[in-house]
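Working notes, beginning with the structure itself.
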Amino acid sequence: MGHSLAGLENPGRILSGFNGSSTTSLGDIILPVRAGPVTLNVQFSVVQEVTLQWQTDLYGSQLAARQCYQIAREAVANQEDASPPEPSIARDQ
């Protein structure tokens, strides 16, 4: 993503996973996330992911950010595509 790891804030923080495991953060970075007309500054914790071959892979955080962006984008698109309910017309009988 073109960002240096030297510019990360709060290095060494312990993060807990949903499965109870923990890992040490390389630091935090704030990136703009845009969903439709809204852009928010979102803080991400960068972690070092080790692959099965014990090679460092830092692209996992990029994938997570891309997936979050895609989910938000689809949610906005679904809201825009939803047509408003048609008004019911009451007739006198």
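Details
- Within the range 1-36, considering residues that are part of a loop (DSSP other than H, G, I, E, B) and within 16 Å of Cys68 (Cα to Cα), the one modelled with the highest pLDDT: Gly36
- In the range 38-58, the residues that are at pLDDT below 75, loosely packed, with under 11 Cβ neighbours inside 10 Å and of a type outside the set (A, V, I, L, M): Thr51, Gln53, Trp54, Gln55, Thr56
The values are calculated or read from the model by the stated rules, or taken from the named source; none is laboratory data. Please read all numbers here as calculations on a predicted model, not as lab measurements. Using ideal geometry, Cβ is built from the backbone for each residue, glycine included, and neighbour counts are taken over all protein chains shown.
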